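To keep things clear, I will list the structure first and then write my remarks on it.
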């Protein structure tokens, strides 16, 4: 028997609203971040319209989530800070610097916790 699968577009409206509200943004603020009108955000949230691929990417970037998360295809893990999503989109040189800094910070934490024992 074939199981019914929700179309990604049906998951977009509630997910978009949830993500926007979780970040404390109004429709106008999200629209400004995504370079679109607040009315467009409203239409997407109510399911009256489905965004183009370009608009979908702009919304995901403005909310600092993946397109898959926006479409409800990936779990939204509240433990992942949006800064790490931004970092993952950095150029190779910046990403290398971030890795070295993170490794040094984690090494320092491990050294501190070992000395406390």
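The values are calculated or read from the model by the stated rules, or taken from the named source; none is laboratory data. This structure is a prediction, so every number in the text was calculated from the model and none was measured. Heads up, the Cβs are rebuilt from the backbone with ideal geometry, glycines too, and the neighbour counts pull from every protein chain shown.
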Out of the residues in segment 23-48 that are part of a loop (DSSP other than H, G, I, E, B) and over 15 Å from residue 63 (Cβ atoms), state the one that is farthest from the chain's Cα centre (by Cα). 48
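Table: residues versus (1) surrounded by 10 or more Cβ atoms within 10 Å (Cβ to Cβ); (2) touching a strand residue (DSSP E or B) at 6+ places or on another chain (Cβ under 9 Å); (3) part of a loop (DSSP other than H, G, I, E, B); (4) at pLDDT 85 or above.
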position: 76; (1), (2), (3), (4): yes, no, yes, no
position: 96; (1), (2), (3), (4): yes, no, no, yes
position: 106; (1), (2), (3), (4): yes, no, no, yes
position: 114; (1), (2), (3), (4): no, no, no, no
